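Working notes for the structure below.
The values are calculated or read from the model by the stated rules, or taken from the named source; none is laboratory data. Being a predicted model, the structure only gives us computed values, none of them experimental. Neighbour counts are summed over all protein chains in view; Cβ atoms, including those assigned to glycine, are modelled from backbone coordinates with ideal geometry. In case anyone asks, the SASA skips ligands and DNA or RNA and just uses the protein heavy atoms, side chains included. Shrake-Rupley method; radii C 1.70, N 1.55, O 1.52, S 1.80 Å.
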Amino acid sequence: MIRTAAPADVPLVHTMIRELAEYEKALHEARATQEQLHEALFGERPAAYAHVAEDDATGEPVGFALWFLNFSTWRGVHGIYLEDLYVRPSARGGGHGKALLRELARICVERGYERLEWAVLNWNAPSIAFYESLGAKPQDEWSVYRLTDGALAALGAPAGEAGPVPGAAR
């Protein structure tokens, strides 16, 4: 069963985010707090949305999807960007991941969104095979870039106040 996350699910979703970060060998990067997650999902101006997968037999939460809207200038409509999709190892292969993606695809179709996108680590062969089995195609002609920490601060500082951007061409 897939359901929309409720405020009471924040501790659960937070725990599963940390489980996902550990699986992705990046637990040290998972710094979000429960308070930040609550604000992002249920604050005055929600920035993200979440769904929870529950085991049909036990009702136990076994996974989640956390997503937000993006916008395609080429298509002129919103889409969904799936930030996190996670199913606990004990529940993998039970159809929960597919059910979460099916729910997001249903939302896209219902609302006229034309894209459902996400990123996957290159080494995550089981997930890649799963996504491709659903008809998803890798966007090999695009590379993801990210600014964080010092590089973001340096580039975002008022003109004349920042030193050189680390790694930038001079």
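Data for the structure
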{"item": "Residue match in segment 160-167 (condition: over 20 Å from the mean Cα position of the chain (by Cα), modelled with pLDDT under 95 and among the β-branched types (Val, Ile, Thr))", "result": "yes"}
{"item": "Scan of segment 1-31 for residues that are β-branched (Val, Ile, Thr) and in contact (Cβ under 8 Å) with a residue 12 or more places away in the chain, ordered by number", "result": "ILE2, THR4, VAL10, VAL13, ILE17"}
{"item": "Residue satisfying all of: in segment 105-135; out of contact with any Leu (no Cβ under 8 Å at 6 or more places or on another chain) and of a type in the set (A, V, I, L, M); most open to solvent (accessible area, probe 1.4 Å) among these", "result": "VAL109"}
{"item": "Single unsatisfied condition, THR148 versus (1) closer than 21 Å to HIS14 by Cβ; (2) surrounded by 15 or more Cβ atoms within 10 Å (Cβ to Cβ); (3) among the hydroxyl-bearing types (Ser, Thr, Tyr)", "result": "(2)"}
{"item": "Filtered residue count, segment 2-16, keeping only those that are of a type outside the set (Gly, Ala, Ser) and touching a strand residue (DSSP E or B) at 6+ places or on another chain (Cβ under 7 Å)", "result": "7"}
{"item": "Selection within segment 1-28 - at pLDDT 95 or above and among the acidic types (Asp, Glu)", "result": "ASP9, GLU19, GLU22"}
{"item": "Subset of segment 69-112 that is β-branched (Val, Ile, Thr) and under 25 Å from ALA30 (Cα atoms) - its residue that is farthest from the chain's Cα centre (by Cα)", "result": "VAL87"}
{"item": "Segment 105-122, subset outside any loop (DSSP other than H, G, I, E, B) and acidic (Asp, Glu), residue farthest from THR4 (Cα to Cα)", "result": "GLU117"}
{"item": "In segment 34-91, residue modelled with the lowest pLDDT [restricted to those that are charged (D, E, K, R) and under 16 Å from ARG102 (Cβ atoms)]", "result": "ASP56"}
{"item": "Residues located in segment 103-122, provided they are without any contact (Cβ under 8 Å) to a residue 12 or more places away in the chain and basic (Lys, Arg)", "result": "ARG106"}
